[in-house]
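Working notes, beginning with the structure itself.
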Amino acid sequence: MSTAILVVEDEPGIQEVLKFNLAQHGYEVGVASDGESALSLLRGAMPDLVLLDWMLPGMSGIEVARRIRNDARLKAIPIIMLTARAEERDKVQGLDLGADDYITKPFSPHELLARIKAVLRRRAPELTDDPVEAAGLRLDPVSHRAFASGKALDLGPTEFRLLHFFMTHPERVYSRAQLLDQCWGDHVFVEERTIDVHIRRLRGALETSGHDRLIQTVRGAGYRLSTTLN
Ligand code: CA
């Protein structure tokens, strides 16, 4: 799954430049020209990050950010606000809307991409290409390979995504519904029992090295990756 970014920007020129640069770097880009259409797109499919212009026709970027943060389902989406001037940026920051970062126009594509990566690394580490390690497991998203005690693991694509998600969010319990959201994407009609099937396969792949015990069932809650083998 590539990382999806929703660009909310009314100026066609800037919209194009953003779209072009983000697509070139492998992002899946959605575009909205105003707040209302941005919110209706968000209700349809959740992106991994929103690039949100402050000055929009009609509903302001600030109002869009506020509505995102007040929506139970949308509130965790990382937001980077685009502002035209440094003073606007100060103002927006002063309002403390819970934006994850602010970029002042004009900005270079290089700066934009660096900011996006930094926000994703902080907010959604499973979406970056950084290799991760935990309790003798190592996973490299770039080469799409995973190892347990140095031995290559044979994982299907879903098991790979699950393991990546767990390794970037260790020691936290996730319900089946949350895992579906995180590893299967939105609006995918998969029964929650399907999760159990993939967890079983993942454990099967980790069994030889004894790492299957890291994937713990938490009764009545879901699953957790423990970082200690005991
Ligand atoms: Ca604008």
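The values are calculated or read from the model by the stated rules, or taken from the named source; none is laboratory data. As the structure is a computational prediction, the values presented were derived from the model and not from experiment. We place every Cβ from the backbone using ideal geometry, glycine too, and count neighbours over all the protein chains shown. The accessibility values were calculated without ligands, DNA or RNA, using every heavy atom of the protein model including side chains. Shrake-Rupley method; radii C 1.70, N 1.55, O 1.52, S 1.80 Å.
Points to keep in mind about this one:
- DSSP bridge orientation in the chain - percent antiparallel, rounded to nearest 5: 45
- Portion, in percent, of the accessible area of the chain that falls on carbon or sulfur, probe 1.4 Å: 50
- Extension gain, ALA76 to ARG200, is 41.8 nm, computed as 0.36 nm per intervening residue step minus the present C-alpha separation.
- Dipole of segment 132-225, positive direction: furthest Cα of MET167, SER143, THR217, with charges on the beta-carbon: THR217
- Accessible surface, per residue, of segment 170-230 when the full set of protein chains is kept, probe 1.4 Å, Å²: 60
- Label-point separation in nm, GLU87 to PHE107, each point 7 Å along Cα→Cβ: 2.1
- Near THR3, the amide H atoms lying under 5 Å from its own belong to GLU28; only residues 5 or more places off or on other chains count, and H is placed 1.01 Å from N.
- Potential lengthening between ARG122 and GLU171 on full extension [0.36 nm per residue; Cα-Cα distance subtracted]: 16.0 nm
- Segment 72-124: C-alpha gyration tensor shape, a/c 1.5 cut-off, then a/b vs b/c: oblate
- Whether segment 4-127 is rounded, prolate or oblate, judged on the alpha carbon gyration tensor where a/c under 1.5 counts as rounded: rounded
- Between THR208 and ALA152, full extension at 0.36 nm per residue minus the direct alpha carbon distance yields a gain of 19.0 nm.
- Solvent-accessible area per residue for segment 4-127 (1.4 angstrom probe, square angstrom): 48
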